[in-house]
Amino acid sequence: MKLHERIAIARGDQPADLLLTNLQLVNVYTGEVYPSEVAIAGSRIVGVGPGYEAHQTLDLEGRFLAPGFIDAHVHIESSLCTPPEFARAVLVRGVTTVITDPHEIANVLGLEGVRLMLNAAKNGLLSMYVMASSCVPATHMETSGAALSADDLVGLLQSRWVLGLAEMMNYPGLVFGDAEVLRKVEAFAQGVLDGHCPGLSGKQLSAYRAAGIGSDHECTTVEEAREKLRVGMTLFIREATNAHNLDALLPVVTPQNSRRICFCTDDRQPADLLDEGSIDHMVRRAIAQGIAPVEAIRMATLNTAEYFRLHGYGAVSPGYHADLIAFEDLQAPHAALVFRGGQLVAQAGQLVARFQPPPLSEVRSSMNIHWEGLDFSIPAQGEQIRVIGSIPGQLVTEHRSGQRGSKAVWPWRTRPAIC
Ligand SMILES: [Zn+2]
């Protein structure tokens, strides 16, 4: 649709395509909820308020209408699904936009994997934006299928679907000035620079922030989250399958700082996506824990859009993408209707959009494990044994040690994991 046509419809000189009536508008700009109507032309909202006419009218029967949810950081590969199947799982939950870091597939296929995800971004059911994977592999000690250099990543800047540099997991490399890490950060200095710095504090956090890193999603305590907010980082609160940080971090949210806080799922597996949901689950949980409903919805919409400079997303506003959800209970939003780009794509938890997963022949035969001789045991040398200790519900690990032959391997000192 040409711009002058959109403006003419917004002016009321021509009918819109679709008019949503009898709704309670969740206004994430002002924090208000009030009766309104929303006119849509093509894929965009053109008018909000009474008096519009349209070729088609849909009575929302008093439901609440809010912008579609945005996942600030997700590895779609962790859903164990292809992007179309992932979209099918989250779209019905009201998640209409995701910002994905394809570093799992990049570790297998390198740039080809990233390009596969970019193709999925262009043609998918979701609005899917990609961050260039900064740490492939996560450390030089890994044996991955591919490595991405700064030169490899620079080419991705040409894509309008690439918003910036994904989670800088190699925070020691950045803090201590590793040349290749600095080249990556400098190449993306005009974009969004996502962080990943569990436990980083004090001067080292300042050094990380001074490099231009804008966010972190690895906080596990209120104190850590508050320190990162205070140095100007946007806080992504994460509720993944393998890391549950939401309940621990919700107490940091205040009306004064909530505009600097977003929600992300990072790594969420099928059972959790199907049983609990995605960002919608986080919104409901936040409201149940005492966050005001519009504030919780704003953290899942407008805040994320603004952080990523995704103009036209995250609010119900003239000119914005008509990515919308309608639901019945403001205290526990479950998407009854989901619109993406002005089209009804899901209803009552079922996908109504046409769904045809593309063939993925490119990624077949990429798992190459030679079972013969596979051996996870490490011969112990000396009396002291050092192991990595896992912490239930967390990604951070412990460095443990114990005497050979003893059953107990006790915590020796805690150290944040690098990935
Ligand atoms: Zn991540």
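The values are calculated or read from the model by the stated rules, or taken from the named source; none is laboratory data. Model, not experiment: these values are computed from the prediction. Neighbour counts run over all protein chains shown; Cβ positions are idealised from the backbone, glycine included.
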Leu235 - would you say it is crowded, with 21+ Cβ neighbours inside 10 Å and in contact (Cβ under 8 Å) with a residue 24 or more places away in the chain?
yes
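Okay, residues lined up against (1) among the polar types (S, T, N, Q); (2) within 16 Å of the ligand (Cβ to nearest atom); (3) more than 18 Å from Gln190 (Cβ to Cβ); (4) touching a helix residue (DSSP H, G or I) at 6+ places or on another chain (Cβ under 8 Å):
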position: Glu104; (1), (2), (3), (4): no, yes, yes, yes
position: Leu111; (1), (2), (3), (4): no, no, yes, yes
position: Met131; (1), (2), (3), (4): no, yes, no, no
position: Ala150; (1), (2), (3), (4): no, no, no, yes
position: Gln158; (1), (2), (3), (4): yes, no, no, no
position: Leu165; (1), (2), (3), (4): no, yes, no, yes
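Rundown of residues vs (1) over 16 Å from Asn245 (Cβ atoms); (2) at pLDDT 95 or above, yes/no style:
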| residue | (1), (2) |
| --- | --- |
| Gly155 | yes, no |
| Asn170 | yes, no |
| Val175 | yes, yes |
| Gly191 | yes, no |
| Leu200 | no, yes |
| Lys203 | yes, yes |
| Arg209 | yes, yes |
| Gly212 | yes, yes |
| Asp216 | no, yes |
Restricting attention to the range 75-95, the residues that are touching a Pro at 6+ places or on another chain (Cβ under 8 Å) and either outside any helix (DSSP H, G or I) or outside the structural domain of Ala166 (by TED's automatic domain parsing) (or both) number exactly 5
So which of Leu200, Leu235, Leu229, Leu193 ends up being within 30 Å of Val33 (Cβ to Cβ), of a type in the set (A, V, I, L, M) and within 16 Å of the ligand (Cβ to nearest atom)?
Leu235
From the residues in the range 263-299 that are within 16 Å of the ligand (Cβ to nearest atom) and free of Cβ contacts under 8 Å to residues at least 60 places away in the same chain, which one is nearest to Ala66 (Cα to Cα)?
Met282
Quick test for you: out of Arg183, Arg160, pick the one residue that is of a type in the set (D, E, K, R) and modelled with pLDDT under 95.
Arg160
Condition check for Arg284: under 24 Å from Asp323 (Cα atoms), among the basic types (Lys, Arg) and touching a Lys or Arg at 6+ places or on another chain (Cβ under 9 Å)
no
Among the candidates Asn303, Asn242, which residue alone is assigned to a helix (DSSP H, G or I) and over 19 Å from Leu58 (Cα atoms)?
Asn303
Please count how many residues of the range 69-85 are under 13 Å from the mean Cα position of the chain (by Cα) and in contact (Cβ under 8 Å) with a residue 40 or more places away in the chain.
10
When (1) surrounded by 17 or more Cβ atoms within 10 Å (Cβ to Cβ); (2) assigned to a helix (DSSP H, G or I); (3) small (Gly, Ala, Ser) are applied to Ala72, the one that fails is (2)
If I filter the range 59-84 down to residues being small (Gly, Ala, Ser) and at pLDDT below 95, which single residue comes out as farthest from the ligand (Cβ to nearest atom)?
Ser79
Could you give me the residue pairs with C-beta distances under 9 Å whose first residue belongs to the range 127-149 and is touching a residue at least 40 places away in the same chain (Cβ under 8 Å) and within 29 Å of Thr301 (Cα to Cα), whose second residue is of a type in the set (Phe, Trp, Tyr) and in a loop (DSSP other than H, G, I, E, B) wherever it lies, and which are 6+ apart or on separate chains?
Ser127/Tyr313; Met128/Trp161; Tyr129/Trp161; Tyr129/Phe308; Met131/Phe308; Ala132/Phe188; Ser134/Phe188
Residue by residue through the range 7-33, note down the ones that are crowded, with 19+ Cβ neighbours inside 10 Å and not in a strand (DSSP E or B).
Ile9, Ala10, Val28
